[in-house]
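To keep things clear, I will list the structure first and then write my remarks on it.
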Amino acid sequence: MSKQVRQLDRVVIRFAGDSGDGMQLTGDRFTSETAAFGNDLSTLPNFPAEIRAPQGTMAGVSSFQLHFADHDIMTPGDRPDVLVAMNPAALKANVADMPRGGTIIVDSHDFTKRALAKVGYEASPLEDGSLDAYQVHEVDLTGLTLGALEGSGLSRKDAGRAKNMFALGLLSWMYSRPTEGTERFLRKKFATKPTIAEANVAAFRAGWNFGETTESFSISYEVKPAAMTAGTYRNISGNLALSYGLIAASQRSGLPLFLGAYPITPASDILHELSKHKRFGVRTFQAEDEIAGIGAALGASFGGALGVTTTSGPGIALKSETIGLAVSLELPLVVVDVQRGGPSTGLPTKTEQSDLMQAMYGRNGEAPVPVVAPRSPADCFWAALEAARIALAYRTPVMLLSDGYLANGSEPWLIPDVDDLPDLRVDFATELNHTDAKGEAEYWPYLRDPETLARPWAVPGTPGLEHRIGGIEKADGSGNISYDPANHDLMVRTRQAKIDGIARSIPPIEVDDPSGEASVLVLGWGSTHGPIGAACRRVRAAGQQVAQAHLRHLNPFPANLGEVLGKYEKVLIPEMNLGQLSMMVRARYLVDAIAYNQVRGLPFRAEELADVITNLISDTDGE
Amino acid sequence: MTDTVETPGITGGVADLGIPALRHVPKTDEPQKTADFKSDQEVRWCPGCGDYAILAAVQGFLPQLGLKRENIVFVSGIGCSSRFPYYLNTYGMHSIHGRAPAIATGLSASRPDLSVWVVTGDGDALSIGGNHLIHALRRNVNLKILLFNNRIYGLTKGQYSPTSEVGKITKSTPMGSLDYPFNPVSLALGAEATFVARTIDSDRKHLTSVLRAAAEHEGTALVEIYQNCNIFNDGAFDVLKDPSTRDDWLLRMEHGQPLRFGSEGSRGVVRDPSTGGLRVADVAEVGTDALVVHDAHTDDPSYAFALSRLSGQDLAYTPIGVFRSVERPTYDELMTNQVETAQGASDADSATGLTALLRGNDTWTVV
Ligand code: SF4
């Protein structure tokens, strides 16, 4: 039977099931197949904080959304075109996100009275007409998997576990994905358990063949490869890109990387990743707590390493005092905050941008810290290099604000040429730099570079430059303890001036305003870049004008930001918090910025942002 | 003003792996004097404070080590004693309350060519920084931790500390403190310390000998130093210093020697079969053969622990000297070994290595 093949320009698929159903793995594999095929893509994993959340409950649902296209895309997609639901809970938790007419593939195996009751379905949604608006494919995925694996030697329970591979096979057929990669992957993953490996491969193939032969799926689809800039690509997640950026910074600075970290979601992957790369001279230290993690990193910086600590919001709260010490010691330090929902424990596995104020001001005293934020998963690589550049050049702690969405999401990355990466070499102090009243040469640890205001960095082991630094206020230049009022005033202002001066080393903010006629500017920072960009495209596609600008540097702001803001009648600032950047912008530039805020633990939807922008444009232009 | 240079342990230049060239602290050929270790800063402890004696002992003893002065680092926390680094002409960091062991851990683990010392007090090490202290000890980081125990909070003007005796009347405890104190030696032993010793500020000779033993130890060495705070807790250790009481209260431990003290050696330490621990007995009653011969190198920490339990809150009886000194690989060394093993296993130079890392296994090319 030859089936119809239909061309599509983009598709959003969401796999959803129990945490134990292997949905993240299924999504990862589909992503790899899609990357290998050459589509542009963007992913959004979404999983519960509990490691073994109760089976069959709404709380235990884990999902993975993937958007792929024949053109460049900016987000994992607002609403899935296709939902694969492995049980009633997965259906219930996700169906509200489906657009009318969307495709739902349901594993009907588990639609028992008990399972339905567990999630509050009084009648089976497969029978009561509540899904009439969708194209529903009821498939006994589990039963078909069991059938396919009969005689495999696996127990029913183990065989049933391969149902995710059956589903992957079916979807791979539907979207004409290449399959060799997945088969190779399964054989490698289960190399020590060949029976399991073959069972998974068999389930995967059975799923594909099911699509090919069954009459319930009459059409398969094709999404052509996207036209992308020439070069070699890989798929990369934010946490991986950030880890690689830190290793690259170490290599390009010639300084050994020292990571002090305490496990915390969603930052632990960086600790795991860096601990694999000792051959680059990376030392990773799993500390007894967050405070020790940053303390050890700062100690290593004192010794001449590139000190790094990684954490999430609650960890930053614990590290605050040491960040203040690093401000006072004026030593390089990269502090990575992979933000998650707060306050307190909040939503550990969900995303948010609510640590901006904490990064900016969460310390005692006047303790300015540069803040840098990546805009996409792959951009975490470049943001890490930039954070390290500032830390090393200006001898300061730097906050790198990633978030859960960037950390776990992934996208294709044009792999850079190592030789093109920035040169981050530093000069250690080796010579006495001052003459005392008696005419004798001495070393002043706080004698600043006139251009950057950075102090010299003399590492232990350098003869003649023995000196003491500490958290007590220091006399300008000599660094000796000083309680002098005028000196304190000078030092506080000088530390601030040093951070403000970083603006001279950062590029001006660029505005994307294709027609040059927009009256509304949308300003964002961090991971909202994708949704804001996609929303602006929609607005423009509908024939309206809107400008977009996105901040990498939140402290200091790029020097031209005020000028840019002044050019537009309205400035809209969407954030996944209650208006933190907008507060900074309003305070600094006296601009009546309009905040649009959500804290749902999920990225913005382009569709909804487009509505907000469109309404603002009609308000503005209609005035 | 500055140059890119090579210093021991840190190599400049792009794509250098930056692994410490030296795994041990370099020695100097130049003779050193006490004066070399004095900084130009005016010492600002209260007149009569026990910290002066300790500072003098350390300044006097460091030249004996013969280490390059630039490879010595003192890291401290917060408290009176934590001003110590300012007065020594070595590298130093006066950090924040309780965190010195954590900061020193990062420094030592990344720079095995440094001799790293931590100066801390009873509040700093045992209260706010207790967690870092026990973890440094269990890891056996190559740190020498000098814990100045004055059984009081000095810098904040006289509140009781985690080593103050129960019932202590202070500004924050007008009706007497309720908390049972830590015995720092017992605590360190419980935290898997490989070297634990105790000494007293007023006994320069003993202090120096214990410091030397600590310096020679590879791994974390915890030295509790009883230190008099003459402003807020004057005379806290007088029973151990006063000629009329000290012989009966103070037990000087020496490795390989029987544990005997008291006027004319009238007392000694014997095994107590009823508890499995140790107890103090009259030598006249038990005879000299029953006395325990001190063995600081025994693997079993319960022996040193039993010794530490001989003294109660009232300081009777107080053993001083080295309780325990055993060998275990240092954290610094183990970490360096892993890095070197990983580097030995790869033959690509670092630039090629970085390219390969960034590419990973799954790439595609767009033309
Ligand atoms: S308060 Fe006590 S411990 Fe502190 S300097 Fe004065 S005497 Fe010494």
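The values are calculated or read from the model by the stated rules, or taken from the named source; none is laboratory data. Computed from a prediction, not measured in an experiment: that's the story for all the values here. So basically every Cβ, Gly included, is an ideal-geometry build from the backbone, and we count neighbours across all protein chains shown. To get the accessible areas, we keep the full protein, side chains included, count just its heavy atoms, and leave off ligands, DNA and RNA. Shrake-Rupley method; radii C 1.70, N 1.55, O 1.52, S 1.80 Å.
Where residues in the stretch B:223-244 are over 13 Å from B:ILE320 (Cα atoms) and of a type in the set (A, V, I, L, M), which of them is nearest to the ligand (Cβ to nearest atom)?
Per the stated criteria, the residue is B:ILE231.
Each row is one residue, and each column tells you yes or no for (1) within 14 Å of another protein chain (Cβ to nearest Cβ); (2) of a type outside the set (A, V, I, L, M); (3) touching an Asp or Glu at 6+ places or on another chain (Cβ under 7 Å).
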{"site": "B:GLY268", "(1), (2), (3)": "no, yes, no"}
{"site": "B:SER274", "(1), (2), (3)": "no, yes, no"}
{"site": "B:LEU278", "(1), (2), (3)": "no, no, yes"}
{"site": "B:SER302", "(1), (2), (3)": "no, yes, no"}
{"site": "B:PHE305", "(1), (2), (3)": "no, yes, no"}
{"site": "B:TYR331", "(1), (2), (3)": "yes, yes, no"}
{"site": "B:MET335", "(1), (2), (3)": "yes, no, no"}
{"site": "B:TRP364", "(1), (2), (3)": "yes, yes, no"}
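Restricting to the stretch A:309-331, name every residue that is open to solvent by less than 10 Å² (accessible area, probe 1.4 Å), of a type outside the set (S, T, N, Q) and within 11 Å of chain B (Cβ to nearest Cβ).
If the condition is that a residue be open to solvent by less than 10 Å² (accessible area, probe 1.4 Å), of a type outside the set (S, T, N, Q) and within 11 Å of chain B (Cβ to nearest Cβ), then A:LYS319, A:ILE323, A:LEU325, A:ALA326, A:LEU329, A:LEU331 are the ones that fit.
Just to be sure I understand the filter: pairs with C-beta atoms under 6 Å, separated by 6 or more residues or on different chains, first member in the stretch A:431-449 and free of Cβ contacts under 8 Å to residues at least 12 places away in the same chain, second member among the small types (Gly, Ala, Ser) and open to solvent by less than 80 Å² (accessible area, probe 1.4 Å). Which pairs pass?
A:THR435/A:ALA441
Within the stretch A:467-485, can one find any residue that is open to solvent by less than 20 Å² (accessible area, probe 1.4 Å), under 27 Å from B:THR28 (Cα atoms) and touching a Lys or Arg at 6+ places or on another chain (Cβ under 7 Å)?
There is no residue in the stretch A:467-485 that is open to solvent by less than 20 Å² (accessible area, probe 1.4 Å), under 27 Å from B:THR28 (Cα atoms) and touching a Lys or Arg at 6+ places or on another chain (Cβ under 7 Å).
Can you pull out every residue in the stretch A:350-369 that is among the hydroxyl-bearing types (Ser, Thr, Tyr) and either at pLDDT below 95 or open to solvent by 20 Å² or more (accessible area, probe 1.4 Å) (or both)?
A:SER354, A:TYR361
So which of A:THR182, A:THR145 is open to solvent by less than 60 Å² (accessible area, probe 1.4 Å), in a helix (DSSP H, G or I) and modelled with pLDDT of 95 or more?
A:THR145
Would you mention how many residues in the stretch B:149-165 are within 12 Å of the ligand (Cβ to nearest atom) and touching a helix residue (DSSP H, G or I) at 6+ places or on another chain (Cβ under 6 Å)?
3
Please determine, by comparing only the residues of the stretch B:208-222 that are part of a loop (DSSP other than H, G, I, E, B) and open to solvent by 10 Å² or more (accessible area, probe 1.4 Å), which one is farthest from the ligand (Cβ to nearest atom).
Once the filter is applied, the top-ranked residue is B:GLU218.
What pairs can you find where one residue is in the stretch B:43-68 and closer than 15 Å to B:VAL223 by Cβ, the other is in a helix (DSSP H, G or I) and within 16 Å of the ligand (Cβ to nearest atom), and their Cβ atoms are less than 6 Å apart, with a gap of 6+ or different chains?
Once the first residue is closer than 15 Å to B:VAL223 by Cβ and sits in the stretch B:43-68, its partners that are in a helix (DSSP H, G or I) and within 16 Å of the ligand (Cβ to nearest atom) give B:ASP51/B:SER81; B:LEU55/B:TYR87.
Which residue pairs have Cβ atoms closer than 9 Å, lie 6 or more positions apart in sequence or on different chains, and pair a first residue in the stretch A:39-62 that is without any contact (Cβ under 8 Å) to a residue 24 or more places away in the chain and closer than 27 Å to A:PRO531 by Cα with a second residue that is assigned to a loop (DSSP other than H, G, I, E, B) and not aliphatic (A, V, I, L, M)?
That search, which allows pairs on different chains as well, returns A:ALA59/A:PRO48; A:ALA59/A:GLU50.
Quick check on B:GLY256: is it part of a strand (DSSP E or B) and more than 16 Å from the ligand (Cβ to nearest atom)?
For B:GLY256, the condition - part of a strand (DSSP E or B) and more than 16 Å from the ligand (Cβ to nearest atom) - is not met.
For the condition in contact with a Leu (Cβ under 7 Å, 6 or more places away or on another chain) and open to solvent by less than 20 Å² (accessible area, probe 1.4 Å), what is the one hit in A:ALA407, A:ALA384?
On inspection, the qualifying residue turns out to be A:ALA384.
Being within 7 Å of chain A (Cβ to nearest Cβ) and either out of contact with any Asp or Glu (no Cβ under 7 Å at 6 or more places or on another chain) or open to solvent by 10 Å² or more (accessible area, probe 1.4 Å) (or both) is the filter here; which residues of the stretch B:88-104 pass it?
Once the filter is applied, which keeps residues that are within 7 Å of chain A (Cβ to nearest Cβ) and either out of contact with any Asp or Glu (no Cβ under 7 Å at 6 or more places or on another chain) or open to solvent by 10 Å² or more (accessible area, probe 1.4 Å) (or both), the stretch B:88-104 yields B:ASN89, B:GLY92, B:MET93, B:HIS94, B:SER95, B:ILE96, B:ARG99, B:ALA102, B:ILE103, B:ALA104.
For residues that are among the polar types (S, T, N, Q) and open to solvent by 10 Å² or more (accessible area, probe 1.4 Å), tally how many sit in the stretch A:43-62.
3
Could you look through the stretch A:411-439, keep only residues that are open to solvent by less than 70 Å² (accessible area, probe 1.4 Å), assigned to a strand (DSSP E or B) and more than 19 Å from A:ILE247 (Cα to Cα), and pick out the one that is nearest to the other protein chains (Cβ to nearest Cβ)?
Ranking the qualifying residues of the stretch A:411-439, first place goes to A:PHE428.
Identify, from the list B:ILE134, B:ILE103, the residue that is within 15 Å of A:LEU331 (Cβ to Cβ) and not acidic (Asp, Glu).
Among B:ILE134, B:ILE103, only B:ILE103 is within 15 Å of A:LEU331 (Cβ to Cβ) and not acidic (Asp, Glu).
So if I check each of B:SER266, B:SER274, which one is more than 17 Å from B:LEU189 (Cβ to Cβ), of a type in the set (S, T, N, Q) and in contact with a helix residue (DSSP H, G or I) (Cβ under 8 Å, 6 or more places away or on another chain)?
Testing whether each residue is more than 17 Å from B:LEU189 (Cβ to Cβ), of a type in the set (S, T, N, Q) and in contact with a helix residue (DSSP H, G or I) (Cβ under 8 Å, 6 or more places away or on another chain) leaves just B:SER266.
Report whether or not A:THR26 is under 17 Å from A:ALA85 (Cα atoms) and polar (S, T, N, Q).
Judged against the criteria, A:THR26 is a match.
I'd like the full set of residues that are open to solvent by 10 Å² or more (accessible area, probe 1.4 Å) and either within 16 Å of the ligand (Cβ to nearest atom) or under 15 Å from B:THR120 (Cβ atoms) (or both), limited to the stretch B:56-80.
Hits for the stretch B:56-80 are B:ALA56, B:ILE78, B:GLY79, B:CYS80.
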